[in-house]
């Protein structure tokens, strides 16, 4: 581990393209060993932030440090980084093997065995020219190139774009293994299930500013659970009239034989409360990141999103 | 650099055969020029046009023919096109495609990326010049003439420098802006105006005051080394390199 506790530190980052201000004083810290989700709607500034971290774009103000070093010291920072983007362009006139050999030459030149292992795992033929591969298979080559040199930090920008569900599962396993080995991950994704499954913390960004950083475990334990009840209309009516008697229970939605409630508090009390009613089926769902995301970014009456 | 040369192998190969073929073909025409029939037809042209064409009597000698017919226009014109194409392709086109972004995300500094591109372009231009030289030597062999290797080397060096400098103008605009239009447009227009200026200066007196602004003014097709002109072309190229490195290191990389 490095001397500093963080893997990535962004301080007061501003970035504008002509008159369009993309990032506004963005400050964040990603701890070593954590998986940090970076979420926001399209145009919020996620990819711009990632490109600034990688020194592809230059911030107008502020600075970036990777493991305590300025991100401009490429020879010190970049060997520790693996990068994968959903929009990544690879040298299409090379074969997968030729490209990965080139990547290998950029690092310690001992990564080809690792690359071949990952290629077998992802079931990709490295002899085929990249231009002849499907976008999903090209993305697999990108994933191999990001992981093959055993980086300490993975920076992922919509990484599973183009992956089928089976490869997505392999991807999730690979990232979990990477974390177990002490690796740090900074990832932006629109697939919130994936973020919820993988991330320790999530950062929500809107119009270039951070509007919240939340611990995923905390979100799932403290936020309201969703209670879905199936019962005959009479029983549902009864529950509806009495639901205020249990603190923390609120009605979300109701139809003839179905009711959706929100609940925060002791689940045992909820079960005691429901046990006196005749119900056909009961589902208790953990709160999803998607709901929090939609809640954070839902449009207000003025047409803006809400923070 | 090796990766770039490998990726451009077919471009290099086709240009190699094309330029080599041109060299052979041009030499194959020499006996016709030597007989004087073609040259005498130019004597009927008006004096200003004759000035534009240059000294046609030298075309009847092998050294005059190679320097004036092959190296005064054809070689620089074609290799400048190659040079601008390669520099534009390696800078702005790679950047627009997102290749530069991917390279930067790997363990590559901006200077390293640019220097590798420049070295690859150097090698490709040198291969272009060598192809022409080989074509000329092959052509000479076919028509049973000889020409000094030393003089061919001088002509090749001058051609290399002028072509490289126009390519480096493309590099400057590619490094400063990343815009493909500028990397092709600006050096092409500059090359055209430079050539026009240098060729017209003999007939239009007023152009004499600005003739030094043309890079072709420093391009010698003489058979001896003009050290001053070579130095000017080298210094021009050096400054273009420095500007490119500074510019490329300071700006945002264009992404796809």
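Residues of segment B:242-256 that are within 8 Å of chain A (Cβ to nearest Cβ) and surrounded by 17 or more Cβ atoms within 10 Å (Cβ to Cβ): B:253, B:255. Just one residue in the set A:76, A:80 is more than 12 Å from residue A:10 (Cα to Cα), crowded, with 16+ Cβ neighbours inside 10 Å and more than 9 Å from chain B (Cβ to nearest Cβ); that residue is A:80.
Residues in segment A:168-191: is at least one under 30 Å from residue A:15 (Cα atoms) and surrounded by fewer than 20 Cβ atoms within 10 Å (Cβ to Cβ)? For segment A:168-191, residues under 30 Å from residue A:15 (Cα atoms) and surrounded by fewer than 20 Cβ atoms within 10 Å (Cβ to Cβ): present.
Set side by side, the residues A:118, A:90, A:126 differ, and just one is crowded, with 17+ Cβ neighbours inside 10 Å, more than 10 Å from chain B (Cβ to nearest Cβ), touching a residue at least 24 places away in the same chain (Cβ under 8 Å) and in a loop (DSSP other than H, G, I, E, B), which is A:126. Here is the figure for segment B:100-129: residues that are touching a residue at least 40 places away in the same chain (Cβ under 8 Å) and more than 14 Å from chain A (Cβ to nearest Cβ) total 10.
Highlighted here are the helices (runs of 4 or more DSSP H) found entirely within segment A:165-243 that include at least 1 residues which are touching a helix residue (DSSP H, G or I) at 6+ places or on another chain (Cβ under 8 Å) and modelled with pLDDT under 85: A:192-198, A:216-222, A:233-242.
Of all the criteria given as (1) away from every other protein chain (no Cβ under 13 Å); (2) over 22 Å from residue A:146 (Cα atoms); (3) more than 16 Å from the chain's Cα centre (by Cα); (4) part of a strand (DSSP E or B), the one not satisfied by residue A:3 is (4). Would you be able to say whether some residue in segment A:130-152 is facing chain B (nearest Cβ under 10 Å), surrounded by fewer than 19 Cβ atoms within 10 Å (Cβ to Cβ), touching a residue at least 40 places away in the same chain (Cβ under 8 Å) and within 18 Å of the chain's Cα centre (by Cα)? Checked segment A:130-152: no residue is facing chain B (nearest Cβ under 10 Å), surrounded by fewer than 19 Cβ atoms within 10 Å (Cβ to Cβ), touching a residue at least 40 places away in the same chain (Cβ under 8 Å) and within 18 Å of the chain's Cα centre (by Cα).
Every residue, every condition in (1) modelled with pLDDT of 90 or more; (2) crowded, with 20+ Cβ neighbours inside 10 Å, yes or no:
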position	(1), (2)
B:70	no, yes
B:74	no, no
B:107	no, yes
B:125	yes, yes
B:129	yes, yes
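Remark: residue A:109 falls outside the filter, which requires a residue to be touching a strand residue (DSSP E or B) at 6+ places or on another chain (Cβ under 9 Å) and either facing another protein chain (nearest Cβ under 9 Å) or surrounded by fewer than 20 Cβ atoms within 10 Å (Cβ to Cβ) (or both). Among the criteria (1) more than 14 Å from chain A (Cβ to nearest Cβ); (2) within 24 Å of residue B:185 (Cα to Cα); (3) surrounded by fewer than 18 Cβ atoms within 10 Å (Cβ to Cβ), the one residue B:149 does not fulfil is (2).
The values are calculated or read from the model by the stated rules, or taken from the named source; none is laboratory data. Since the model is a prediction, treat every value here as computed from it, not as a measurement. Quick reminder, even Gly has a Cβ in these numbers, built from the backbone with ideal geometry, and neighbours come from all protein chains shown.
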